[in-house]
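Working notes, beginning with the structure itself.
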Amino acid sequence: MSDGGLHVSSRRALSEGGVTILDIKGDLEGQTADEMAQALTRLIAAGRRNVVLNLGGTDMISTQGLAHCVAAQKRLRERGGAVKIAGASTELRRIFDLVSLAQVIECYPEVRHAVDAFRGTGETPPKKVRKKAG
């Protein structure tokens with residue numbers, strides 16, 4: 001699907017466990033955030049329970065986009081699944097830290113790490129180390 005510079009595509013991970021990867025390319029704001037939400041809704045309605053949001057092609061996410069991610073996480077958890085985020089840029093990770101998104105959705109540096117986490121073979125996301133003021 002594409003509109004206004006957003007491209008959303010989904011694929012199945014080549015692993016057991018039924019992981020679906022949703023590749024997002026373009027900024028997630030306003031209408032484009034709604035398009036991502038619609039794609040997530042279709043996946044959930046189709047019975048997909050484990051979804052990796054690949055944000056490797058995304059440079060910006062609005063509060064609306066963040067809210068859609070959290071809403072999808074809630075719906076999937078109710079169905080015994082989850083959303084995991086992968087490939088987010090340094091700037092996106094800063095935004096996620098500011099809004100404490102990682103407390104709600106696990107974030108991984110690469111798609112394969114998120115897929116492995118669903119399979120139970122991956123490591124937990126690294127904890128952010130805070131430097132002491134000094």
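Read-outs: derived from the displayed coordinates by stated rules, not from any lab. Predicted model only: the values in this text are computed from it and were never measured. A quick note on method: Cβ atoms are made from the backbone with ideal geometry, for glycine too, and the neighbour counts reach across all protein chains shown.
Determine the gain in length on full extension of the stretch R112-R79; use 0.36 nm per residue of separation and subtract their C-alpha separation, reporting nm with one decimal.
Full extension from R112 to R79 adds 9.6 nm.
Starting from the Cα-Cα distance between A67 and R119, subtract it from 0.36 nm times their residue separation and give me the gain in nm to one decimal. Write down the numbers at each step before the final one.
On the way: separation 52, 0.36 × 52 = 18.72 nm, distance 2.61 nm.
Full extension of this stretch gives 16.1 nm more.
In what sequence do T41, T63 fall when counting other Cβ within 10 Å, fewest first?
Listing T41, T63 from fewest to most nearby Cβ atoms yields T63, T41.
Would you kindly work out the equivalent ellipsoid of segment 23-118 from its C-alpha gyration tensor and give its semi-axes, the square roots of five times the eigenvalues, largest first in whole Å?
18, 16, 12
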